[in-house]
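Accompanying notes for the structure given below.
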Amino acid sequence: MAERGQSIAETVKAIAEGHLTSRQWVEHCLGRIRDNETNGSWSYVDEERALKCADELDWMRNDGSAFGSLHGCPVGVKDIIEVEGMPHGCGSTLMGEVSEVNAALVDALEAAGAVILGKTETTEFAFLNPARTKNPLSFEHTPGGSSAGSAARAAPGGVPAAIRAKPEGGL
């Protein structure tokens with residue numbers, strides 16, 4: 001399993017060498033989400049989709065197919081970024097329709113072999129009203145800002161990567 005402090009590249013290499021499977025990495029992260037989701041950092045998690053994707057990546061690895069730089073890497077995506085088949089809430093009760101398309105960023109992540117676990121919490125429309133996310137080290141505080149969910153999941157090792165973005169285009 002990916003050890004705390006082990007880089008994404010090191011863990012992807014372990015998959016390439018057969019010491020770890022994509023499914024094992026994804027199951028580990030999903031277990032951490034189930035066990036530690038008391039701080040409200042996720043707005044949506046799709047376990048079935050993530051496990052199916054991990055299984056497909058393992059099949060590709062075993063078949064000798066192309067291997068991306070993020071092969072099997074579990075990723076959380078901020079809820080202002082569209083992911084096909086997932087609710088697009090933008091941190092608001094006014095939104096929440098299921099996306100019919102991926103954002104270009106999501107297409108690029110998936111082409112590199114990333115496994116999208118779900119959507120991380122954000123402030124409303126990424127600039128109004130604080131998110132419900134609590135700081136994982138101190139529940140009396142917020143991680144702050146519109147990428148609170150991404151920060152609260154990635155910082156304590158809940159996922160190896162969580163995408164944050166600014167509405168005006170920054171990453």
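Scanning the range 82-128 for residues that are small (G, A, S), without any contact (Cβ under 8 Å) to a residue 40 or more places away in the chain and in a loop (DSSP other than H, G, I, E, B) yields a total of 5. If we scan the range 66-73, do we find a residue that is closer than 15 Å to T21 by Cα and of a type in the set (S, T, N, Q)? There is at least one residue in the range 66-73 that is closer than 15 Å to T21 by Cα and of a type in the set (S, T, N, Q). If the condition is being surrounded by 14 or more Cβ atoms within 10 Å (Cβ to Cβ) and over 16 Å from the mean Cα position of the chain (by Cα), then the range 57-90 contributes L57, D58, M60, R61, F67, G68. At least 1 residues being at pLDDT 90 or above and closer than 23 Å to E97 by Cα is the threshold, and among the helices (runs of 4 or more DSSP H) wholly inside the range 8-81 those reaching it are 47-63.
The values are calculated or read from the model by the stated rules, or taken from the named source; none is laboratory data. Keep in mind it's a predicted model, so treat the numbers as computed, not measured. Cβ: placed from backbone, ideal geometry, glycine included. Neighbour counts: every protein chain shown.
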